[in-house]
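The values are calculated or read from the model by the stated rules, or taken from the named source; none is laboratory data. Predicted model, so just to flag it, every value in this text is computed and none were measured. Positions of Cβ are backbone-derived with ideal geometry, glycine not excepted, and every protein chain shown enters the neighbour counts. Please note that ligands, DNA and RNA were not included when accessible areas were found on the heavy atoms of the full protein model with its side chains. Shrake-Rupley method; radii C 1.70, N 1.55, O 1.52, S 1.80 Å.
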Amino acid sequence: MSNDHYFSADPAAPATRVQVSFTAAGRELELTASAGVFSASRLDPGTAVLLRKAPLPRRAGTLLDLGCGYGPIAATLAVSAPDATVYAVDVNGRALDLVRENAARIGAADRVVPATPDQVPADVRFDEIWSNPPIRIGKPALHELLETWLPRLAPGGVAWLVVSRNLGADSLAGWLTERGYAVDRHASQKGYRVLSVSHRADAQES
C-alpha cells in the first residue's frame, strides 16, 4: 500500500480522473476529481452532511474552504453566494489544479481563489470558514491548522466544521471551547457532527 496521502503536497498516485455529481445550493454540480485527492471517487459523506445541514451563505463576502480537495465545498459556496469571493486552500497541488478547473466549469473562475496556505494574503479575513478538516493528519497538526485559521474570522464571522463523532467531534468541540471560542453543536447526521465556531465576544453580542 502506498504511503501517499491526500494531504501530500505532490501526490505520487497516478492522476486518474473521475467525475463526481451531487446536488447542492439548488443546483446539480458535476466536478472532476482525481486519485491522490481527498474523497476522489464521490462526495465525502461528511462533506455531504455539512452542505446539507449548515446554512449556506447568500451574501457577498470573503469565504474560505479549508482543506478544499477538488473543491465541492468551494463550488457550492460560489453557487450559493454569487457575489462572494471564495478562497480554496489546500497543500495538495493536484487538488488546487482541480479546483481551478472546476471553478471554471461552474462559471466561477473569477471568484474562486485556489491557494496554498502561504499564498493567502496575511491581511485577508473571512466572513465564513467552511471545512471538513483532515482529522487523520493527527491531533497536534489538526490543532495547529485550526489555531492558524480560526483567528482569521472577521468580527461576527462563523466557521462551519464537520467531524465524525467516532473521530473526536465532541473532544474537538471541547478543545475549541477551552481556547475561548463559542462552539455550538449545530446538527448531527449519519455519525457526523456539524459545529459552528465563532469568537466568544461575537456570540455574546448577537
Q: Taking residue 118 as the residue in question, decide whether it is over 27 Å from residue 155 (Cβ atoms), open to solvent by 10 Å² or more (accessible area, probe 1.4 Å), without any contact (Cβ under 8 Å) to a residue 40 or more places away in the chain and not in a loop (DSSP other than H, G, I, E, B).
A: no
Q. Is it fair to say residue 149 is surrounded by 16 or more Cβ atoms within 10 Å (Cβ to Cβ), touching a residue at least 24 places away in the same chain (Cβ under 8 Å) and either of a type in the set (Gly, Ala, Ser) or not in a helix (DSSP H, G or I) (or both)?
A. no
Q | Residues located in segment 57-85, provided they are open to solvent by less than 30 Å² (accessible area, probe 1.4 Å) and in a loop (DSSP other than H, G, I, E, B) | A | 57, 61, 68, 69, 70, 71, 81, 84
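Could you identify the single residue in 105, 94, 100 that is closer than 23 Å to residue 41 by Cα, without any contact (Cβ under 8 Å) to a residue 60 or more places away in the chain, open to solvent by 10 Å² or more (accessible area, probe 1.4 Å) and not polar (S, T, N, Q)? Quick ask: steps written out before the conclusion?
Values: 105 fails: without any contact (Cβ under 8 Å) to a residue 60 or more places away in the chain; 94 fails: without any contact (Cβ under 8 Å) to a residue 60 or more places away in the chain.
Sole residue among the options that is closer than 23 Å to residue 41 by Cα, without any contact (Cβ under 8 Å) to a residue 60 or more places away in the chain, open to solvent by 10 Å² or more (accessible area, probe 1.4 Å) and not polar (S, T, N, Q): 100.
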Q: Considering (1) assigned to a helix (DSSP H, G or I); (2) in contact (Cβ under 8 Å) with a residue 24 or more places away in the chain, say which one residue 88 fails and leave the rest.
A: (1)
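Conditions tested, residue by residue: (1) open to solvent by 70 Å² or more (accessible area, probe 1.4 Å); (2) free of Cβ contacts under 8 Å to residues at least 60 places away in the same chain; (3) assigned to a helix (DSSP H, G or I).
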{"position": "110", "(1), (2), (3)": "yes, yes, no"}
{"position": "129", "(1), (2), (3)": "no, no, no"}
{"position": "140", "(1), (2), (3)": "yes, yes, yes"}
{"position": "173", "(1), (2), (3)": "no, yes, yes"}
{"position": "187", "(1), (2), (3)": "no, no, no"}
**Q.** Selection from segment 134-145 of residues that are modelled with pLDDT of 95 or more and within 13 Å of residue 89 (Cβ to Cβ)
**A.** 145
